[in-house]
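Each reported figure results from applying straightforward, stated rules to the coordinates on display, with no laboratory input. In this text, all values refer to a predicted model and were calculated from it rather than measured experimentally. Here the Cβ is made from the backbone with ideal geometry for all residues, glycine too, and neighbour counts use every protein chain on show.
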Amino acid sequence: MVALTFDAGANADAVPSILATLHRYGVTATFFLTGDFVRHFPDVARQIAAGQRIGNHSVDHPYFTKLTGTQITAELTGARQQIQSTTGDDPRPLFRFPYGDRDTRTIAAVNAAGYVPVRWTVDTLGWEGTAGGITAQTVHDRALNALRPGEIVLMHCGSNPTDHSTLDADALGGVIQAIKDRGYGFVTLDALTR
């Protein structure tokens, strides 16, 4: 099994394509939404929640190791409230640290708030865009080269801010098909909490 995950914080440019591709292949993924994303794109957040699993990605995507305990609690609570009031879905217990920035203290704080922090096993780097020298083929190859049971693929919902490319969305269909062709199925990250 493989879990496809999408972080949503910057913009929603790739969401229609991502959701259409997931629907076409019958795959359910996990989307980590920031409170700011949900506030700026409420209709899109509701579309995501209508068929996909939602996780918490903080209010405004800060580096958690630079926050106090009170600030961490505010980030978790604020995002959960925004997500829940807009989509009706409770993101708990899934949480992803912005930038993957964590340490023992921040992991303990997130756990104490009732969350399971989830990292990834491969970052497709699609977020770097063509401006960063990445292509849809790079995204595809990175996801497939790291393929193993339990793989957690990190992709993004937004476009690159410089070149506006949506490489994760562009490569998604090919990635799903290639993973299926190798005999793998897909799960949401709820499989980690069972």
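Can you tell me the Rg and Dmax of region 110-194, counting just the alpha carbons, in angstroms?
14.3, 40
How many nm is it between the label spots at residue 46 and residue 17, if each spot is 7 Å from the Cα in line with the beta carbon?
2.5
Using R₀ = 22 Å, calculate the FRET efficiency as 1/(1 + (r/R₀)^6) where r is the Cβ-Cβ separation of residue 63 and residue 190; round to 0.05.
The formula returns an efficiency of 0.20 here.
Tell me, what is the percent relative contact order of region 2-193, built from C-alpha pairs under 8 Å that lie six or more residues apart?
Reported as a whole number, the value is 30 percent.
At 222 nm, what value in deg cm²/dmol follows for the chain if DSSP H runs of at least 4 each add -39500 (n - 2.57) and the sum is divided by all its residues, to the nearest 500?
-12000 deg cm²/dmol
Among 159, 85, 17, what is the fewest-to-most ranking by other Cβ atoms within 10 Å?
Result, fewest neighbours first: 85, 17, 159.
Provide the FRET efficiency to the nearest 0.05 for the residue 101-residue 81 pair, computing r from the beta carbons and using R0 = 25 Å.
0.65
How do 53, 182 rank when sorted from fewest to most other Cβ atoms within 10 Å of their own Cβ?
In increasing order of surrounding Cβ atoms, one gets 182, 53.
How big is the Rg/Rh ratio for the chain, C-alpha atoms only, Rh by Kirkwood, two decimals?
0.95
Which of rounded, prolate or oblate describes region 113-158 when judged by the alpha-carbon gyration tensor and an a/c cut-off of 1.5?
Note, shape of region 113-158 comes out oblate.
Going by amide H atoms built from the backbone, whose H comes under 5 Å of the H on residue 31, apart from near neighbours?
So residue 31 has HN proximity to 6, 53, 54, 55.
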